[in-house]
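Below you'll find the structure I mean.
What follows draws every value from the coordinates through simple rules; no lab data is involved. All of these numbers come straight from a predicted model, not from anything done at the bench. Cβ sites come from the backbone with ideal geometry, for glycine too, and all protein chains shown count toward neighbours.
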Amino acid sequence: MNHEDISPRVALVTGGSRGIGRAVVTRLAHSGWSVAFTYAGSKEASQQLVSELREKGANCRADQADVRDFERAQQLSEEISSDLGPVGLLVNNAGIKRDQALFGMTLKAWQEVIDTNLGGTFNYCRAVVPSMMKRRSGVIVNVVSVSGIVGLPGQVNYSASKAGVIGLTRSLAREVARFGLRINAVAPGLIETDMTRDMPEKALKRLLEQIPARSMGTADQVAQVVEFLAGDGAAYITGQVLPIDGGMA
Ligand SMILES: NC(=O)c1ccc[n+]([C@@H]2O[C@H](COP(=O)([O-])OP(=O)(O)OC[C@H]3O[C@@H](n4cnc5c(N)ncnc54)[C@H](OP(=O)(O)O)[C@@H]3O)[C@@H](O)[C@H]2O)c1
């Protein structure tokens, strides 16, 4: 990657302790970014990742921060700015699913997913965009899902949250393009992480049948696209949603 394209090269990744977020943090750190990442409960895994990356010479930090907490997002982005430098890349990755058919879906399952996936993305965009606008430089990559594009049964909450983030991405991209900011989304299909590990075999088989590539993707395949969107090769790309799904959507 060409490191002269984005200044400053400080990235903030939400939900970096596991899965796709962890792969993004690792890839960015190996490419020379200073990386701050958040987690909800995985303190040990996060500290271990920080130690591993620091051993390899990377500049990074991990902070416990629930993405649903608006004030915490503001406070953390200021802290990161004074510690590592102003955030030049935000990756809104933290997300959850609470799958249930609509007729059995609790209000709690609806609210938690909307507040985390959509609310969390708003909170972190709101925290970093003003400073990016002032500096006339910045990139945001939102991690959505194929479910937010085509809809999947049992996921009205999840699908609505991700479709919401797609709307946020397109709208914000138009708002801030003239300030030199780029806002894009990646839409993974079926990726091997904890989120998909507990899927019943039958459901997994059914989903694989809908994927032309007939296989699951890896977290690092998503991370590579995030890195591309963050870099100069994507300098004229904004407001886009890029599926990474083996042809599923
Ligand atoms: N895996 C897939 O097939 C797939 C497909 C499409 C889209 N996605 C999207 O990709 C993103 C990452 O998914 P994944 O599969 O890597 O999930 P994962 O392995 O379950 O990891 C989720 C990450 O989000 C963090 N997180 C969850 N709730 C949080 C909260 N309230 N505040 C802060 N951090 C929180 C977790 O932190 P802790 O470790 O502390 O809990 C963890 O780091 C999500 O947005 C997901 O919707 C995944």
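Compute the distance from the alpha-carbon center of the range 207-249 to that of the range 83-99, in whole Å.
Centre-to-centre distance over Cα atoms comes out at 17 Å.
Now for a different question. Measuring from label point to label point, each 7 Å out along Cα→Cβ, what is the Glu201 to Met133 span in nm?
About 5.4 nm separates the two model spin labels.
Moving on to the next point. So if each residue of separation counts as 0.36 nm, and I subtract the Cα-Cα distance between Tyr236 and Arg54, what length gain in nm does that give?
Working: separation 182, 0.36 × 182 = 65.52 nm, distance 3.28 nm.
Contour length minus Cα-Cα distance gives 62.2 nm.
Another question, if that's okay. For the range 126-195, what's the relative contact order in percent, using C-alpha pairs closer than 8 Å and at least 6 residues apart?
Once divided by the residue count of the range 126-195, the mean separation gives 42 percent.
Per residue of the range 234-249, in order, report the coupling 6.51 cos²θ - 1.76 cosθ + 1.60 (Karplus, θ = phi - 60°) as ³J(HN,Hα) in whole Hz, putting x for Gly and Pro.
Running phi through 6.51 cos²θ - 1.76 cosθ + 1.60 with θ = phi - 60° gives 10, 4, 10, 10, 8, x, 9, 10, 9, x, 10, 8, x, x, 4, 7 Hz.
Just to be sure I understand the model, the point goes 7 Å from the Cα along the line to the Cβ. What's the resulting Asp83 to Glu209 distance in nm?
It works out to 4.8 nm between the two label points.
Could I ask something else about it? Using only the alpha-carbon atoms, how far is helix 19-30 inclined from the longest principal axis of the chain? Give it as 0 to 90 degrees, nearest 10.
In the chain, helix 19-30 runs at an angle near 30 degrees to the longest axis.
Also: Any chance you could give the angle, 0 to 90 degrees and rounded to 10, that helix 43-55 forms with the longest Cα principal axis of the chain?
Orientation of helix 43-55: about 50 degrees from the principal axis.
Restricting to DSSP H runs of at least four residues, report the calculated mean residue ellipticity at 222 nm for the chain, -39500 (n - 2.57) per run over all residues, nearest 500 deg cm²/dmol.
Taking each H run of at least 4 residues, the total per residue is -14000 deg cm²/dmol.
Let me ask you something else. Based on DSSP loop calls and a cut-off of at most 11 other Cβ atoms within 10 Å, the longest stretch of the chain free of exposed trypsin sites (Lys or Arg not before Pro) is what?
Values: sites that count: Lys56, Arg136, Arg214.
The longest uninterrupted stretch comes out as 57-135.
Another one. On a 0 to 90 degree scale, rounded to 10, what angle separates helix 70-84 from the longest Cα axis of the chain?
Relative to the chain, helix 70-84 is tipped by roughly 40 degrees.
Further, regarding this structure: Quick check: net charge around Gly88, other residues with Cβ under 9 Å of its Cβ, Lys/Arg +1 and Asp/Glu -1?
+2
Multiplying the sequence separation of Phe70 and Arg126 by 0.36 nm and subtracting their Cα-Cα distance, what value in nm do you get?
Working: separation 56, 0.36 × 56 = 20.16 nm, distance 0.87 nm.
Value of the extension gain: 19.3 nm.
By its C-alpha gyration tensor, with a ≥ b ≥ c as the square roots of the eigenvalues, how is the range 130-249 shaped: rounded for a/c under 1.5, else prolate for a/b larger than b/c, else oblate?
Details: a/c = 2.72, a/b = 1.97, b/c = 1.38.
It comes out prolate by the Cα gyration axes.
Next question, about the same structure. Relative contact order for the chain: what percent, with Cα pairs under 8 Å and sequence separation of 6 or more?
In percent, rounded to a whole number, it is 21.
If you add up the charges near Asp63, with Lys and Arg at +1 and Asp and Glu at -1, over every other residue whose beta carbon is less than 13 angstrom from its beta carbon, what do you get?
For residues surrounding Asp63, the net value is -2.
What FRET efficiency do you get for Arg178 and Phe103 if R0 is 30 Å and r is their Cβ-Cβ distance, rounded to the nearest 0.05?
For Arg178 and Phe103, the calculated efficiency is 0.05.
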